[in-house]
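The values are calculated or read from the model by the stated rules, or taken from the named source; none is laboratory data. Nothing here was measured: the structure is a model prediction, and the numbers come from that model. Ideal geometry is used to build each Cβ from the backbone, glycine not excepted, and the neighbour counts take in all protein chains shown. Surface accessibility is based on the protein's heavy atoms, side chains included, excluding ligands, DNA and RNA. Shrake-Rupley method; radii C 1.70, N 1.55, O 1.52, S 1.80 Å.
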Amino acid sequence: MSGVMKRMGMIFRAKANKALDRAEDPRETLDYSYQKQLELLQKVRRGVADVATSRKRLELQLNQLQGQSSKLEDQGRKALALGREDLAREALSRRAALQQQVTDLETQHQTLQGEEEKLTLAAQRLQAKVDAFRTKKETIKATYTAAQAQTRIGEAFSGISEEMGDVGMAIQRAEDKTAQLQARAGAIDELLASGALDDHSGLAKDDIQSELDRLSGGTDVELELQRMKAELAGGSSSQQAIEGGQGQTQSQQQSKSDTPRFDKQ
Amino acid sequence: MIVRIMGEGQVRLDDGHLAELNELDDELLAETRAGDEEGFRRTLGALLDAVRRLGAPLPDDSLEPSELILPSPDASLSEVRELLTDDGLLPG
């Protein structure tokens, strides 16, 4: 996918990323951290198990040595009973050497036991911490998911994301169309006013009617002038002339009504 | 995958149809770059028809991010070109 679809998708994803700043998902970080803690806990537990194994091995050796020590003691006692003091001495000296080993092993055993107790305690504390972390992690993750959803909804409403981007564009388009229509209406008015466009609504005058109006306006002025002249002269001939003039006007008007094609309907 | 036709809504589309759409999509990009208004309009119409025909519409109240986005049917070549060459959004 390398065409318009992908590139448009990238545009809106870029917008969404800017809005959310999802360079790192904290949920993944939390899960990773929890995983690391579990691994650490596992190591501590393995350490406890190793120490316990060593302790048990020491206990077995101690038992063996103590068994041999008891045997040598018995042998010494029997040799003495048989009057073999030399044998008894040999047995007791071997027993003394074993006893030294037993003492050393007992010291080691005590040390290991102390270590084991410490490690067991540490493992228990770590386990408690890891459990607490897991609970907290889940809470944080839930909160983050909710916040993210909320952000997405908010983002959608603000028109940032692609979810509502097209709605924003639809509104923009509607506004543009409205502006375009208004501009067009204004332009049409201008064209009508300049006479470049014909008005078919019948409200405006055509050029012939304008000329007739102008002419008839001129006739009225002429008639008025004649009337004034007659008044000033005051003669009956003038009065007759006026009457005649009026008659002429009436006939003109009659003529006008005979030609209704020029009348503005 | 979910495809959004701007101004119309989203449709769920089977990935198997992508190859068919991809051809039209590449053609559309070439026409947009070349400034071929007539070709752009014809290919956009064909692409949108194909998406509508092959996809199932999602309800209006669903809030799922779209993997692919298509211009609205009445988008002009200049509008689309402006969107695609907006350096503020596309890195590089």
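Residues of the range A:56-131: accessible area per residue at 1.4 Å, in Å²? Walk me through the numbers before you get to the answer.
Details: 5630 Å² over 76 residues.
Roughly 74 Å² per residue, with all protein chains present.
When only the heavy atoms of the protein chains count and the probe is 1.4 Å, how do B:MET6, A:MET10, B:MET1 rank by accessible area, highest first?
Largest to smallest exposure gives the sequence A:MET10, B:MET1, B:MET6.
Would you list the P(r) distribution for the range A:66-113, with all Cα-Cα distances sorted into 5 Å bins from 0 and each bin expressed as a whole %?
It works out to 5, 24, 23, 17, 12, 8, 6, 3, 1, in whole percents.
What is the spin-label model distance, in nm, from B:ARG12 to A:ASN63 if the labels are put 7 Å beyond Cα along the C-beta direction?
Distance between the two pseudo-spin positions: 6.6 nm.
Given a cut-off of 21 Å, name the pairs among A:LYS36/A:LYS56; A:LYS6/A:LYS141; A:LYS43/A:LYS129; A:LYS43/A:LYS136 whose C-alpha atoms lie farther apart than that in the structure shown.
From A:LYS36/A:LYS56; A:LYS6/A:LYS141; A:LYS43/A:LYS129; A:LYS43/A:LYS136, over 21 Å: A:LYS36/A:LYS56; A:LYS6/A:LYS141; A:LYS43/A:LYS136.
Would you mind giving the average projected area, over all directions, of the Cα convex hull of the range A:52-151 in nm² with one decimal?
Values: hull surface 31.1 nm².
The Cα convex hull of the range A:52-151, projected and averaged over all directions, gives 7.8 nm².
Can you compute the label reach from A:THR103? Point 7 Å from Cα along the Cβ direction, backbone N cut-off under 16 Å, restricted to the range A:64-94.
A:66, A:69, A:93-94
Can you give the accessible area buried between chains A and B, summed over both chains, with a 1.4 Å probe, in Å² to the nearest 100?
Values: alone 20530 and 6060 Å², together 23850 Å².
Heavy-atom accessible area buried at this interface is about 2700 Å².
Per residue, how much accessible surface does the range B:3-61 expose to a 1.4 Å probe? Answer in Å², no decimals.
Working: 3120 Å² over 59 residues.
Per-residue value: 53 Å².
Using protein chains only and a probe of 1.4 angstrom, how many square angstrom of B:ASP14 are accessible, to the nearest 10?
100
What FRET efficiency comes out for A:LYS129 versus B:GLU37 if R0 is 45 angstrom and r is the Cβ-Cβ distance? Round to the nearest 0.05.
Numbers: r = 66 Å, r/R0 = 1.48.
Between A:LYS129 and B:GLU37 the formula returns 0.10.
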